[in-house]
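**Student:** The following block contains the structure, expressed as structure tokens.
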Amino acid sequence: MTNNKTPRHFLDIHDHSVAELREMLGRAAFMKRGQGAERPLLGKTLALIFEKPSTRTRVSFEVGMRQLGGEVICLTGKEIQLGHGETIGDTARVLSRYVDIIMLRTDHEAKLQEMAEAATVPVINGLTDSSHPVQIMADILTYEERKGPIEEAVVCWTGDANNVCESWVHAAGLFGFEMRIACPPELTPSQQTLDWIKEKGARVSIHRDVETAVAGVDAIITDTWVSMHNKDAHRRHNLLKPYQVNDRIMGLAKKDAIFMHCLPAHREEEVTSSVIDGPQSAVWDEAENRMHAQKGILTWCLNR
Ligand code: CP
């Protein structure tokens, strides 16, 4: 499809104003309650491109788009010419003539930027090695359902300060909540993110001692110790052992604190089964909310 207007991309949390993010979250909550137009994306087609594996992102985008009345095409990098030498830009130009919106899961952020610059339809970031903004939208929706306004939250990320952590940092800076990151010096946020925290005056602090960091927080968040692009599993396991979320660590947070994890989880590594299956766990709501949050993002991008 072609149009003359600049597409409404969703590439990163901090590309948007709080008002825009609130509009997307409001749409998500509204649709989750069964309110709103019947099939607002009838006649629209979403292309999903995966250069990395996925369960939640693929299924939640597919089912969500169908619930909105639209169609979905799911492509993996290897089965299309993108995986055989065609450029991202040319792929974007061609797909823009067929579909109304594109979601890309890839490795380098630069590939996402190249797709967004060449596409004439909106592009959504479905994860890169340095960000996962659709996940954080689902996480905010989940936090607010359980605990109230995110602006009043104190959250602790423990473990590898990875792509999901970096997007949480951007949310903290925008919404103004307090975020503590407990991580080893080797797996600290990127220099670019540390500079951003300083520049924006975000209430984000870095800790080496997990017990200090989780004291009295509203939510403890973690993620797998070995992400899809990491090759040093053994080293990471040794570095991250002290940052495991277990009953003792949950006991240091507020009594009504929640446990969050974007999944997939590696039980008994970054989190014990007693926590992920326990009464404070919000992880299944987070997984469900991927679909609702993305419905809010899809309708916002397409202005429907
Ligand atoms: N949380 C998340 O993005 O899950 P998938 O890798 O299964 O899509």
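The values are calculated or read from the model by the stated rules, or taken from the named source; none is laboratory data. Everything quoted here is computed from the prediction, not taken from an experiment. Glycine also receives a Cβ, built like all others from the backbone with ideal geometry; neighbour counts cover every protein chain displayed.
**Student:** Here is a check on your reading of the model: is Ser274 within 16 Å of the ligand (Cβ to nearest atom) and hydroxyl-bearing (Ser, Thr, Tyr)?
**Tutor:** Answer is no for this residue.
**Student:** Sticking with this structure for a sec: With respect to the numbered conditions (1) within 16 Å of the ligand (Cβ to nearest atom); (2) of a type in the set (Gly, Ala, Ser); (3) in a helix (DSSP H, G or I), which one is the sole condition not fulfilled by Ser54?
**Tutor:** Result: Ser54 passes all but (3).
**Student:** While we're here: Kindly check whether there is at least one residue in the range 132-145 that is buried (at least 24 other Cβ atoms within 10 Å of the Cβ) and more than 16 Å from the ligand (Cβ to nearest atom).
**Tutor:** Within the range 132-145 (the criterion being buried (at least 24 other Cβ atoms within 10 Å of the Cβ) and more than 16 Å from the ligand (Cβ to nearest atom)), the answer is no, since none of the residues qualifies.
**Student:** Next question. Any residue at all in the range 112-128 that's surrounded by fewer than 20 Cβ atoms within 10 Å (Cβ to Cβ) and within 15 Å of the chain's Cα centre (by Cα)?
**Tutor:** no
**Student:** Return the only residue of Met115, Met65, Met31 being farther than 20 Å from Cys262 by Cα, part of a helix (DSSP H, G or I) and within 16 Å of the ligand (Cβ to nearest atom).
**Tutor:** Selected residue: Met65, the only one of Met115, Met65, Met31 that is farther than 20 Å from Cys262 by Cα, part of a helix (DSSP H, G or I) and within 16 Å of the ligand (Cβ to nearest atom).
**Student:** Moving to a separate point now. Go through the range 247-302 residue by residue and tally those that are surrounded by fewer than 16 Cβ atoms within 10 Å (Cβ to Cβ) and assigned to a strand (DSSP E or B).
**Tutor:** Qualifying residue count for the region: 1.
**Student:** So which residues in the range 1-25 are surrounded by 13 or more Cβ atoms within 10 Å (Cβ to Cβ) and either of a type in the set (Gly, Ala, Ser) or in contact with a strand residue (DSSP E or B) (Cβ under 6 Å, 6 or more places away or on another chain) (or both), if there are any at all?
**Tutor:** Result: His9, Phe10, Leu11, Asp12.
**Student:** Can you tell me which residue among Glu71, Glu62, Glu109 is of a type outside the set (A, V, I, L, M, F, W, C), touching a Cys at 6+ places or on another chain (Cβ under 8 Å) and modelled with pLDDT of 95 or more?
**Tutor:** Glu62
**Student:** Restricting the first residue to the range 91-108 and requiring it to be crowded, with 22+ Cβ neighbours inside 10 Å, which pairs with a second residue that is aromatic (Phe, Trp, Tyr) meet a Cβ separation below 7 Å and a spacing of at least six or different chains?
**Tutor:** Pairs that qualify, where the first residue is crowded, with 22+ Cβ neighbours inside 10 Å and the partner is aromatic (Phe, Trp, Tyr), are Met103/Phe61; Arg105/Phe50.
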